[in-house]
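Taking it in order: structure first as structure tokens, then the write-up.
What follows is calculated from the coordinates using simple rules that are stated; it is not laboratory data. Remember, it's a predicted structure, so these values are computed and weren't measured experimentally. Don't worry about glycine lacking a Cβ; one is built from the backbone with ideal geometry, like all the others, and counts go over all protein chains shown.
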Amino acid sequence: MRKMINVKTASKKPLKKTIKSAVSKNTNKNTKKLMLKKSASKKKIVINKKRKFEFTKMVASGNDFIIFDNRKSGLKNGSEIALLLCTRTAGIGADGLIFIEKSKRADFKMRIFNPDGSEAEMCGNGIRCAALYKNKKNMKIETLAGILNAELNEDGIKVKMTTPLDMQLNINLNIDGRIHQVNYVNTGVPHSVCFVENLPAANVRMLGRLLRYHKHFEPVGTNVDFVKIAEHDSLSIRTYERGVEDETLACGTGSVAAALIYHHKFLYSDGSYCVDIKTRSDEVLKVYFDYEKGVFTNVWLEGNARIVYKGECYV
């Protein structure tokens, strides 16, 4: 006698409903995937959406700058743009970013941002580029260091600098167990000046960085200039620039600092003077000043500037 075997049904659902359910599930999965792709695509478009702006690349004595006429463009994030564009590997490449802006007190306002994103009070070479960009014979330029006069002439661009502040001579600083003598003055931005016998051998990057961050100059730090006295009223200079955090081919405010400290430290004679400063780019800057009883007045910086090229970029 055969035994009867009961077989339980795997599912009581009708076959048509089961097929519909499976199709529905697959459709939902595909729909979700498609929605995710669309969502990701939308996000990418938002992230990469940038505006196109015109810029001018300019150079003064080896210092190069990216100029934006912010009276038209209305850019606000100068620090971020400097970080993006000043890098020489992935950006345009420059020692600084300059915004030309409207001013109620002068012909225009100049704002300058370093490659590290910090905003500087002033820049001697940068302001000559800004003056050439404006291309007016006589003008007033507003900066964080004050309002400065600029003149365009056949010999170049001449800028009246701020009154030098807080001059200090013969500061002895201990760096890694060795005493280094420096001198200090603020010529719109802070500068420490070291006189050396062998300028080509000076370790500008290493010693410059150690002095730039020395606790004596906290909290703002200092630029560091290494200076060789070539002959009477003629100097050669190499500069470690704060914000660039490296040696540059020239520094306008550093050249002024070197000339003033040289005169105050070694000559100390009253009168009107002009000191020639040979920069690492081999261009010569001229620093003019009046000096009487230890006080400097009418300090001017003169040098060339030029437009390298104009272009467009996305920021």
Please compare each pair in K102/K265; K140/K310; K52/K102; K76/K158; K136/K215 to a cut-off of 32 Å on the Cα-Cα distance and tell me which ones are over it.
K102/K265; K136/K215
Taking other Cβ within 10 Å of each residue's Cβ, how do E292, E197, E142 sort, fewest first?
E197, E292, E142
Integer Hz, Karplus 6.51/-1.76/1.60 couplings in order for region 220-229, x for Gly and Pro:
7, x, 8, 7, 10, 10, 9, 10, 10, 7
Gyration tensor on Cα atoms of region 52-153, a ≥ b ≥ c root eigenvalues, a/c under 1.5 rounded, else prolate if a/b beats b/c, else oblate, says prolate
Go ahead and collect, in residue order, the members of region 143-187 whose backbone nitrogen is under 18 Å from a label point 7 Å along the Cα-Cβ direction of V295.
161-168, 186
Fewest Cβ neighbours within 10 Å first, please rank I175, I112 accordingly.
I175, I112
What does the charge count near G271 come to, summing +1 for each Lys or Arg and -1 for each Asp or Glu among other residues with Cβ under 10 Å from its Cβ?
-3
Charge dipole of region 165-303 about the Cα centre (unit charges at C-beta), most positive-ward option of V295, H232, V185
V185
Full-extension gain between S79 and N198, please, as 0.36 nm times their residue separation minus the C-alpha to C-alpha distance.
39.2 nm
Point-charge dipole on Cβ atoms (K/R +1, D/E -1) for region 165-303, about Cα centre, debye to 20
420 debye
Work out the FRET efficiency for C274 and T163 from their Cβ-Cβ distance, taking R0 = 25 Å, and round it to the nearest 0.05.
0.85
Please report K76, K286, K136, K109 as a ranked list, fewest other C-beta atoms within 10 angstrom at the top and most at the bottom.
K76, K136, K286, K109
Hey, any idea what the orientation-averaged projected area of the convex hull of region 165-303's Cα atoms comes to, in nm²?
7.7 nm²
